[in-house]
Number of protein chains: 2
Amino acid sequence: MIEKNTEEKIVQAAEKVFIEKGLAGARMQEIADEAGINKALLHYYYRSKEKLFEVVFKLAFKSFVPNLVKAFDGPEDFFTKIERFVETYLNLIEKNPHIPIFIINELSKNPNRLVSLISYLNIDIQPIFDVIEEEIEKKTIKQIEPQELIINILSLCVFPIVAKPMVQTILFKGYESEYNALMKKRKSSIAQFVISAIKN
Amino acid sequence: MIEKNTEEKIVQAAEKVFIEKGLAGARMQEIADEAGINKALLHYYYRSKEKLFEVVFKLAFKSFVPNLVKAFDGPEDFFTKIERFVETYLNLIEKNPHIPIFIINELSKNPNRLVSLISYLNIDIQPIFDVIEEEIEKKTIKQIEPQELIINILSLCVFPIVAKPMVQTILFKGYESEYNALMKKRKSSIAQFVISAIKN
DNA sequence: AAATGGTTTAACCAAATGGTTAAAGCGAAC
DNA sequence: GTTCGCTTTAACCATTTGGTTAAACCATTT
């Protein structure tokens, strides 16, 4: 175990606690304990809970949303792009399964957090819109609003992960192995589903 | 304004506050204020925050999940069933847009809540599985695991609502009217998307 | 009209919580 | 080795929070 510096330890501990418990449910004492430091030291580095939370939220958001845009460019065939995007994104979520719901939930409780983030990250999805519209013009895919296609792909990727407890319990009688098996299969089947839906 | 009895007022106030703020973010004092009563009276009716929360959570869950199953039986054609299901479900969500994320979030923080609920509600999705498998045998739709089809339909319905702030901000430059327009359109387009994807 | 019993309230309590203070540690510069 | 300045800690503080208590209220019964 390498000794990390205090600031690093704090951010990592804060990520763990905030993502697990949310802003309202997290406790500064728990973050301090998790980081192996004094609560006063925590406040020495980050003046308030809100400030520390903003750092964690920004990191979580950055790790998910901009990658989403990048995963969609590249030189390949449009359908291959969709396949690659789904696989890349599902792998990303698999590694951090609690981040999507963390972002969604905190944003639903305070949508204002977005305004400062978007201007700072300046996300440009126009290129993705262009690619989709091009395919529609080429008649390789059916007429669909670019936004709607993106929403559909994201829905299919993200929802089954954030709703895992319900899906696993109700649809798989509680068996995690069966849930996991389907999730593995979906790395390819989501793209096939989408392609079947839009192919001309 | 009709005078409701105290218990009713409490549950309604608790629903509002818990669904808006979550278990950790809600305050018993706020619920009492919202109900127009004393905090001691709140504890007179519901011994603890957790007990009151369980009542609210059960109500929210009941209003969503069992209706989901019911919305899928009926005598019509399978594709019509999908169309009707999506429209029914989207209308339900439209009326209570914060409930899905409330359920998803509280369940992700404490999946244990489900075990007591499922035995009490005894939800049986087998009929839906049967209908889907029948269609596959009749070759009206492509081979797909029933669970996966259900997940796909639910994903397309629920995700855009729970992720509204992100979708609206990133995909629609913040314009709620454009977001709303797409959501309205989706009451029919989701079903078309799904049908195109599975039709043989 | 007095007793009864469920309902409602003001006042209170202990624990938890975010945050502060003042002093102690401690490595680098002189 | 003493000073300087950043880092770390123990002790502390004010407020918030879930929950309790004892008394007041009030409609019904007798």
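The values are calculated or read from the model by the stated rules, or taken from the named source; none is laboratory data. If you're wondering where the values come from, they're calculated on a predicted model, not measured in any experiment. Positions of Cβ are backbone-derived with ideal geometry, glycine not excepted, and every protein chain shown enters the neighbour counts. Each accessible area value is taken on the protein alone, full model and side chains, heavy atoms only, with ligands, DNA and RNA left out. Shrake-Rupley method; radii C 1.70, N 1.55, O 1.52, S 1.80 Å.
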Select from region B:160-200 the residues that are open to solvent by 30 Å² or more (accessible area, probe 1.4 Å), in a helix (DSSP H, G or I), more than 8 Å from chain A (Cβ to nearest Cβ) and among the hydroxyl-bearing types (Ser, Thr, Tyr) and list them in ascending order.
B:Ser177, B:Ser188
Can you tell me how many residues in region A:58-81 are among the hydrophobic types (A, V, I, L, M, F, W, C) and either assigned by TED's automatic domain parsing to the domain that holds A:Asn5 or open to solvent by 40 Å² or more (accessible area, probe 1.4 Å) (or both)?
1
Could you tell me whether B:Leu156 is closer than 29 Å to B:Phe18 by Cα, more than 10 Å from chain A (Cβ to nearest Cβ) and either open to solvent by less than 30 Å² (accessible area, probe 1.4 Å) or modelled with pLDDT of 95 or more (or both)?
no
Among the residues of region B:89-134, count how many are open to solvent by 20 Å² or more (accessible area, probe 1.4 Å), of a type outside the set (A, V, I, L, M, F, W, C) and closer than 29 Å to A:Ile103 by Cβ.
13
If I filter region A:38-60 for residues that are away from chain B (no Cβ under 14 Å), farther than 30 Å from A:Ser196 by Cβ and more than 16 Å from DNA strand C (Cβ to nearest atom), do I get at least one hit?
yes
Can you name the residue in region A:4-50 that is within 13 Å of DNA strand D (Cβ to nearest atom) and touching an Asp or Glu at 6+ places or on another chain (Cβ under 7 Å) and, of all such residues, is most open to solvent (accessible area, probe 1.4 Å)?
A:Tyr45
Would you check if there is a residue in region A:19-38 being touching a Cys at 6+ places or on another chain (Cβ under 9 Å) and in contact (Cβ under 8 Å) with a residue 60 or more places away in the chain?
no
A:Glu94 being within 18 Å of A:Glu15 (Cα to Cα) and more than 14 Å from every other protein chain (Cβ to nearest Cβ):
yes
Residue count, region A:5-29, condition outside any loop (DSSP other than H, G, I, E, B) and under 16 Å from A:Leu59 (Cβ atoms), comes to 16
Taking region A:172-183, which residues are more than 12 Å from A:Pro160 (Cα to Cα) and touching a helix residue (DSSP H, G or I) at 6+ places or on another chain (Cβ under 9 Å)?
A:Phe172, A:Gly174, A:Tyr175, A:Glu176, A:Glu178
